[in-house]
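Peer 1: Before I ask anything, here is the structure I am working with.
Values in this text are rule-based calculations from the coordinates and carry no lab data. A quick note: this is a predicted structure, and the numbers were derived from the prediction, not measured. All Cβ positions, even for glycine, are placed from backbone atoms using ideal geometry, and neighbour counts span all protein chains on display.
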Amino acid sequence: MQSITALLFVAFCIFIITRSLVVQKSWQQWKKQASSGLGFTKSTSTVSSSTHKETLLKDTPPYIFPPIRPRTALRTSMGLRRLEVSNWLTIDKNYNPEHGLRVNLLSSHKPQVIQCLPGSEEACHEVLSLVVDFLTSRFPQHFTVTNTSEGRRIYNSLTNETFVIGQACPNPLEVAARLAMEDFTVLMKDANTGEYRLQASATLFPAGWKLQERIGMSMAKLHGPVPKWKEQLSGHVNRYFDHLTAKSSMERTNLFIQTTPDLFVDGPEMPRSPSEAAITPSDLWVRRERQIFRRLERCGAVLFTVRTYMQRLVEVEGAQVEALKTQVEGWDEDIMDYKGSKIWGETFREWCAQRGLGVEGA
Ligand code: HEM
């Protein structure tokens, strides 16, 4: 009996080690690809206007979003890691279709996607100036600045558009959002409470929240619906923003599962009525956000940029299935509910099971 138990134990250990090796493999592949110059750079370039550094930026290979991590950040940690600044803003094959969507949203849903409160003007100009410096340095083949008698302009060859920049630009945050694939949010510290408030935002792709309802809110209020935010994250985040410098930019990622391919989701997902067909794995999408925090040096505000990536669940393959399953399993019950697992949980569990992976709790 004892030898059977020992054998089972050894088999279990081998199973666990093999699984984690498989998950590690996709990370190693990504790192190899990255360091071989296909997606990631070890360049120490900074977002600066110095000619030497601009040259480094120009020569940086395209950014590749890293694979899904097997684990979520610890519940009490913010999950931050150092930003490779040459990858602050990204351009990839989705630029034109997403740009089209952004332009449509700005004309059909403007109050839902852009809000700038009084007092944020200087910060919004600083955002545009950083975006212009970065895009023209990193992607000079696509973005060029010209000085005309009527002022400075940026030309975007990907879309054949030109925008006025500098102090003469009447809508700097909007122009930034039209040029980049990222969303931009400005947070300003409330001198009375010491809390950071959402002062301006161009959020074209919200993950289930309404910008027009949240503008002006403190971080604590903004994160009101997030389970345990107040107890476990609020203080850390406020302190992090207090100490953020132009040189200590960080990034984090998050992950949602949703039943729509839409990038613009400005309300909670509605459960389908029982008369509708059951959700199948091909109805599910993995939504990931790459979030970056930067200090705006001139005005002192905090800049939050978000790039959203969508992938069909059924297109998640190989070791990434295991990583996704492990990450979802790591969510507490309240987080599961918050992330809508009542809608997609069963389908997700069955999909994992079909791949030989059981999911606890989803
Ligand atoms: C280090 C800073 C931050 C941390 C650690 C953080 C963390 C979180 C977490 C854990 C969630 C729950 C969903 C998820 O799993 O991602 C969330 C949701 C959210 N976050 Fe943050 N966040 C940070 C900064 C910000 C900033 C600067 C904004 C400004 C727009 C923001 C806006 C939101 C919104 C709107 C939601 C959705 C809330 C809802 O469901 O109603 N977050 N955040």
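Peer 1: Assuming 1.002 mPa s and 20 °C, estimate D for the range 59-354 with Stokes-Einstein, Rh taken as the Kirkwood radius over Cα pairs, in µm²/s.
Peer 2: For these conditions, the coefficient is 105 µm²/s.
Peer 1: Do you know the Lys pair count in the range 59-354 for C-alpha distances under 20 Å, with sequence separation 8 or more or different chains?
Peer 2: So the count works out to 13.
Peer 1: Give the peptides 241-248, 337-344 in descending order of average Cβ contacts within 10 Å, highest first.
Peer 2: Result, highest mean first: 337-344, 241-248.
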